[in-house]
Amino acid sequence: MSEEQLVVRKIKEGTVLDHVEQGRALKVLEALNIDGKDGNVVTVAMNVFSKKLGKKDIIKIENRFLKPEETNRIALIAPKATANLIRNYQVVEKRKVEIPDKFVDVFKCPNPTCISNSNEPISHIIDVVKKDPPTLKCRYCGRLLSPNELI
Ligand code: CTP
Ligand code: ZN
């Protein structure tokens, strides 16, 4: 039995976000708009031992099967994350997160005078201009941004 299994049991149905960078679990939940209000069990483990990463965070979201367009929202926050879809205790799909073409309502533009930070009811849209290394740009004010400025 691995160290990890000692702290978090296996789930029957749902999505396991594994290999989340240490300390990023709560930001991942926020980016996915997961707040527990739908009543499903959500388990968060932080600082779990990992051979690959040294330490990692893990999130288990029961009874929800996150689509790539959902899990890709976390690509800057947890670039090494793996999304595992579990059905009847088996991993039926395993995929890496990928940087999407844009982030909608995941990050706020750090420019305080940007129109997206006014009281206008508009989405926060950050376009990806280059994926490797990730280079981003606010759709509204055009400011070029690095992942560190957004997370
Ligand atoms: N998992 C779970 N419940 C299950 C099956 C798997 O919570 N019924 C979790 C495992 O604990 C692990 C993740 O889902 O955190 C992926 O499972 P698995 O592919 O079996 O693990 P590894 O082979 O270690 O994955 P990887 O190769 O991605 O490191
Ligand atoms: Zn802006």
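Of 99, 74, all but one fail to be within 13 Å of the chain's Cα centre (by Cα), aliphatic (A, V, I, L, M) and more than 16 Å from ligand 1 (Cβ to nearest atom); the exception is 99.
Residue 24 satisfies every condition listed in (1) open to solvent by 20 Å² or more (accessible area, probe 1.4 Å); (2) in contact (Cβ under 8 Å) with a residue 12 or more places away in the chain; (3) more than 10 Å from the chain's Cα centre (by Cα); (4) more than 10 Å from ligand 1 (Cβ to nearest atom) except (3).
Are any of the residues in the stretch 58-65 at pLDDT 95 or above, more than 16 Å from ligand 1 (Cβ to nearest atom) and surrounded by 18 or more Cβ atoms within 10 Å (Cβ to Cβ)? Checking the stretch 58-65: not a single residue is at pLDDT 95 or above, more than 16 Å from ligand 1 (Cβ to nearest atom) and surrounded by 18 or more Cβ atoms within 10 Å (Cβ to Cβ).
To keep it simple, each residue is scored yes or no on (1) polar (S, T, N, Q); (2) open to solvent by 100 Å² or more (accessible area, probe 1.4 Å); (3) touching a residue at least 12 places away in the same chain (Cβ under 8 Å).
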| position | (1), (2), (3) |
| --- | --- |
| 67 | no, yes, no |
| 94 | no, yes, yes |
| 104 | no, no, yes |
| 110 | no, no, yes |
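Within the stretch 102-137, the only residue that satisfies the criterion of being away from ligand 2 (no atom under 14 Å from the Cβ), of a type in the set (S, T, N, Q) and not in a strand (DSSP E or B) is 119.
Out of the residues in the stretch 69-92 that are without any contact (Cβ under 8 Å) to a residue 60 or more places away in the chain and either within 30 Å of residue 127 (Cα to Cα) or within 16 Å of ligand 2 (Cβ to nearest atom) (or both), which is most open to solvent (accessible area, probe 1.4 Å)? Filtering the stretch 69-92 for residues that are without any contact (Cβ under 8 Å) to a residue 60 or more places away in the chain and either within 30 Å of residue 127 (Cα to Cα) or within 16 Å of ligand 2 (Cβ to nearest atom) (or both), the one most open to solvent (accessible area, probe 1.4 Å) comes out as 69.
The values are calculated or read from the model by the stated rules, or taken from the named source; none is laboratory data. Since this is a predicted model, take the numbers as computed values, not measurements. Cβ sites come from the backbone with ideal geometry, for glycine too, and all protein chains shown count toward neighbours. Side chains are part of the model used for accessible areas, which takes the heavy atoms of the whole protein and leaves out ligands, DNA and RNA. Shrake-Rupley method; radii C 1.70, N 1.55, O 1.52, S 1.80 Å.
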